[in-house]
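Working notes, beginning with the structure itself.
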Amino acid sequence: MSTVAPTAAASTDAPGRRKTIRRTIIAGSIGNFVEQFDYGLYGYMAPVLASSFFPASDHTASVLSAYAVIAIACLVRPLGGTLLGRWGDRFGRKRVLLWTVVFMGISTAAIGVLPTYGQIGLAAPLILLLLRVVQGMVAGGEYVGAVAFVVEWAEPRRRGFYTSFASNSCFLGILAGAGVAALMSAVFTDEALHSWGWRIPFLAVLPLCLIGVWLRSRIEETPEFVAATEHGTNVVAAPFREALRSQWRPILVFCGASIMLAILSYTWVTFYPEYLSDTLGLSKSAAWLSNMISVAVLIPLLPVAGAISDRIGRKPMLITGAVACIVLVPLAFWVGQHGTFAAAVVSQLIYIVPEFFLTGIVTVCAAELFATRTRFSASSIAYNSSFSIFMGITPFVATLLVSTFGTIYAVWVYLAVAAVLALVVITFFMTETYRSELAADKFAR
């Protein structure tokens, strides 16, 4: 195990560095917030969007089609991550993150003005898919870039704590998406919501992205990147190829460890509320509210988890989270089967226990496992080859599993397989990173 050596991030005075880190967290987080606000909003409003952009003759088929659009958009994330990762390693994190928030705002707002299937026929779902593909490509570099940005500014012994706020921005975005979806459902009649009300929150993303551009333009490039590349004069010529050549092992380790979190998280925030309402009979507003409560409970706990991992390490947290996936998720589903609002809340409070142990820790590992000069490319490959793909297909797969087998425990089996894989990978192949240096050229052992 390597010890923490003085880094570029540690070379400035502590008060000034911490002030910069706070600004960095806010600037990096706003893009994650917007991405997950859009994702959460789309997931929660999938039934409404299904009726607007797909034929209404078969409700289940329409909802599956709406989820399939998410899955396809996530499948292109590796391509977007490859391009953005290359640019991030060659031209710097700041420049790429400025452009990601611009394109994210434009493509999300465009959904808010898109004609429906009833107005332009098959062109409507095709254009929707195109916009989601653009979003997917941008998102392929947004999250890992923001995480790298925060980690490369953070104090070495507090990386888990600081990075937890990047994870929190995602849950705040999901919470905001859920809250807006619930508000739309409460304020508008069903007819108005399906007709035009659903457009408002998508359009509201545009001013948020303008704020993001302003914030990111005011933050300097990370000192780790500046030092590792000699102020950008000594960058890797082909960072994608170099990442695959020199860091294939940590890439595979991250993939094996993170798939379970993708399935866990996106079963919870996109599929489960729909299951509570469509299968167990809760009203949509009650299902959304129960989910929002559990998300709100988790948000203040994630910095605690990050701080704990800074003291005991990443591996103990990840192993505990994997075991919790196997043991506690079926209990959560069993409680939820009672079909009441209270049962829905309790089931999701049980469900967030493995989230506590996994979410922020997987996030910080997405940066710590990789070398600085190819960190953006390597983390994009790893994150998008595992987390992003399974994030996209999980709502579709979960809906299909329940429809095929008639029980939500089929979704637990799907998760348990990923958790067992993660246990093996973390226990036998993962190197502890919580006190390692952010190496410039190779993975720090």
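Among rounded, prolate and oblate, which fits segment 185-257 when a ≥ b ≥ c are the square roots of the eigenvalues of its C-alpha gyration tensor, a/c under 1.5 means rounded, and a/b larger than b/c means prolate?
Values: a/c = 4.36, a/b = 1.97, b/c = 2.22.
Oblate, since a/c reaches 1.5 and b/c is not below a/b.
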Study note, to complete from the structure: Measure of exposure for ILE389: accessible area at 1.4 Å probe, Å² rounded to 10, is 40
Check your understanding: What angle do you read, to the nearest 10 degrees and between 0 and 90, between the alpha-carbon axis of helix 284-298 and the longest principal axis of the chain?
Key -> 20
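Let me spell out the model: positive unit charges on the Cβ of Lys and Arg, negative unit charges on the Cβ of Asp and Glu, origin at the Cα centre of segment 119-192. What dipole size does that give, in debye rounded to 20?
Numbers: 4 positive and 5 negative charges, 67 e Å.
I would put it at about 320 debye.
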Review point. What's the center-to-center distance, using Cα atoms, between segment 112-135 and segment 249-289 in Å?
Key: 25
Exercise for review: Write down, largest first, the equivalent ellipsoid semi-axes of segment 314-380 in whole Å, where each equals the square root of 5 times an eigenvalue of the alpha-carbon gyration tensor.
Suggested key: 33, 12, 8
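Pop the C-beta distance of VAL424 and SER217 into the FRET formula with R0 = 51 Å and round what comes out to the nearest 0.05. The partial results should precede the final answer.
Working: r = 44 Å, r/R0 = 0.87.
The pair VAL424/SER217 has a calculated efficiency of 0.70.
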Check your understanding: If you wrap a convex hull around the C-alpha atoms of segment 301-350 and split its volume per residue, what is the figure in Å³?
Key -> 56
Point to revise | Separation of the THR233 and ARG311 label points, Cα + 7 Å toward Cβ, nm | key: 4.5
Practice item. Please report, as a whole percent, how much of the solvent-accessible surface of the chain comes from carbon and sulfur atoms (probe radius 1.4 Å). Key: 70
Point to revise | Dipole axis of the chain (+1 Lys, Arg; -1 Asp, Glu on Cβ), positive-most option in GLY392, LEU183, TRP334 | key: GLY392
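Is it possible to state the helix-based mean residue ellipticity at 222 nm for the chain, with each DSSP H run of 4+ residues giving -39500 (n - 2.57), the sum divided by total residues, to the nearest 500 deg cm²/dmol? What is it?
-25000 deg cm²/dmol
If you count only protein heavy atoms with a 1.4 Å probe, what accessible area per residue comes out for the chain, rounded to a whole Å²? Don't jump to the answer; show the numbers that get you there.
Values: 16290 Å² over 445 residues.
With the other protein chains kept in place, the chain gives 37 Å² per residue.
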Check your understanding: If you line up the long axis of helix 14-44 against the longest principal axis of the chain, both from Cα atoms, how many degrees apart are they, to the nearest 10?
Key -> 30
Review point. Roughly how tilted is helix 302-312, in degrees to the nearest 10 and between 0 and 90, from the longest Cα axis of the chain?
Key: 40
Point to revise | Kirkwood-based shape ratio for the chain, expressed as Rg/Rh from alpha carbons | key: 0.96
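Could you give the length gained on full extension between ILE120 and LEU75, defined as 0.36 nm per residue of separation minus the Cα-Cα distance, in nm?
On the way: separation 45, 0.36 × 45 = 16.20 nm, distance 2.63 nm.
Extra length from ILE120 to LEU75 when fully extended: 13.6 nm.
Let me know the charge dipole size of the chain about its Cα centre in debye, to the nearest 20, where only the beta-carbon of Lys, Arg (+1) and Asp, Glu (-1) is charged. Write out the running numbers ahead of the final one.
On the way: 30 positive and 23 negative charges, 235 e Å.
Magnitude of the dipole: close to 1140 debye.
The values are calculated or read from the model by the stated rules, or taken from the named source; none is laboratory data. Everything quoted here is computed from the prediction, not taken from an experiment. Cβ atoms come from the backbone with ideal geometry, glycine included; neighbour counts cover every protein chain shown. All accessible areas refer to the heavy atoms of the entire protein, side chains included, with ligands and DNA or RNA removed. Shrake-Rupley method; radii C 1.70, N 1.55, O 1.52, S 1.80 Å.
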